[in-house]
Amino acid sequence: MKKRNVILAALSVIVILACAFFMQDGEIAPKTNERTATIKQEGIWKDAAYLKDTELGTGKKTLYVEVGAEGQAIEFTIHTDKKTVGEALSEHKLIEGEKGPYGLYVKKVNSMEADYDKTKTYWAFTKDGESVMTGVDLTDFSDKDHFELVCSK
């Protein structure tokens, strides 16, 4: 009986951790293939240039970039001949920022501002959910790579 209680307690912890992992700002984080057709244009999204998944460009390589903020996300499919993620995003005016000692400090993505000095938020840059150790303008990509830019505190 004692062993069963330990197993049930462990399973309860696993369920709680799984729920916490899939929750974002009090809501279930949207899944790439189950997003709503259009983002709610409120909060940081009120300034967004695009409010739904968008395909841009005509190049030979395809780059997927998911942009997330405040529990909502859209994905850009970019066809480009550029070498770096930053070049591909800049080509379509999807990012803005300032040059710094470590490359481009991205302050705007999809016209949405995340400026640590002003709002204590920043754009986290990841590839398949893992932190990228270079800036967007220094990160090369291969055909069909998937990156994320997520507004974070």
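The values are calculated or read from the model by the stated rules, or taken from the named source; none is laboratory data. A quick note: this is a predicted structure, and the numbers were derived from the prediction, not measured. So basically every Cβ, Gly included, is an ideal-geometry build from the backbone, and we count neighbours across all protein chains shown.
Some points to look at:
- Residue satisfying condition, being within 12 Å of the chain's Cα centre (by Cα), at pLDDT 95 or above and either over 19 Å from Asp53 (Cβ atoms) or not assigned by TED's automatic domain parsing to the domain that holds Lys60 (or both), within set Glu130, Glu113: Glu130
- Residue within segment 126-136 that is farther than 20 Å from Tyr64 by Cβ and either of a type in the set (Asp, Glu) or in contact with a His (Cβ under 6 Å, 6 or more places away or on another chain) (or both) present: no
- Taking the criterion of being under 16 Å from Phe147 (Cα atoms), among the acidic types (Asp, Glu) and touching a residue at least 40 places away in the same chain (Cβ under 8 Å), the residues of segment 43-99 that qualify are Glu66, Glu75, Glu87.
- Complete set of residues in segment 103-120 that are in contact with a Lys or Arg (Cβ under 9 Å, 6 or more places away or on another chain) and on the phi > 0 side of the Ramachandran plot: Ser111, Lys120
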